[in-house]
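Below: one structure, written as structure tokens.
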Amino acid sequence: MPQPKSRRHGAELESAILDAAWAELVEVGYAKLTMEGVAVRAGTSKPVIYRRWPGRPELVLAAWRRRLPDGEDPPDTGGLRSDLLALMHRLLHRFQDTPRDVVVGLMSETCRDPQAFALLLRQIAAARQRPSVEAIVRKAVARGEIPPVEIPPRVARVPLDLIRAEAIFHHREIDEKTITEIVDDVFLPLLRGLAHQELHEEE
């Protein structure tokens with residue numbers, strides 16, 4: 001239900017607008033979301049929203065970014081494979097909490113606006129998983145599961161990139177089998193291959 005208008009300012013007003021934008025996304029989907037609908041739900045006006053976000057893509061990106069988890073500790077189950085599986089489940093839940101059409105709609109619309117598209121790509125790339133991957137691998141090295149290995153940024157992005165590809169581009173449901181295959185058939189062999197390569201270069 002739309003909230004009555006009040007003299008909210010600054011962070012309080014922005015929070016109300018972003019909450020309203022996310023609620024509209026969940027209720028009507030990206031294609032039907034309008035700035036007017038968000039304004040009504042937030043109990044404010046369209047000019048107030050436009051002073052903060054120049055268009056629908058920027059507003060939706062801000063609402064989406066606000067809901068992404070931040071500062072989570074990496075999984076620590078005592079084993080490399082189980083840690084990676086736990087991380088994959090965390091990434092999967094992140095996608096499941098986002099309406100399916102949001103990323104697809106954003107990519108379609110922002111392709112016509114280079115600045116908005118660049119913002120979308122930066123936000124997707126900014127998912128805080130590289131420190132988690134590096135921490136998981138460091139613990140595995142300390143336990144003697146794998147030799148010391150340097151994790152390039154592109155390698156650290158592989159798990160999330162594969163989930164995105166399955167969910168967004170191939171429209172497939174991500175199940176336990178998919179997660180296990182990504183870990184067992186792709187990421188673990190990739191890590192071990194990098195570790196073996198570094199050992200060979202040191203000889």
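Bear in mind these aren't lab numbers, they're just calculated from the coordinates by the rules spelled out. Given the structure is predicted, the values throughout are model-derived calculations rather than measurements. All Cβ positions, even for glycine, are placed from backbone atoms using ideal geometry, and neighbour counts span all protein chains on display.
Working note: Karplus 6.51/-1.76/1.60 with θ = phi - 60° gives region 18-34 the couplings 5, 4, 5, 4, 5, 4, 5, 4, 5, 7, 10, x, 5, 4, 9, 5, 10 Hz, where Gly and Pro are set to x.
Sequence-distant contacts, meaning Cα pairs under 8 Å at least 6 residues apart, place the relative contact order of region 10-65 at 43 percent. Footprinting exposure proxy ranking of LYS46, LYS177, fewest other C-beta atoms within 10 angstrom first, gives LYS177, LYS46.
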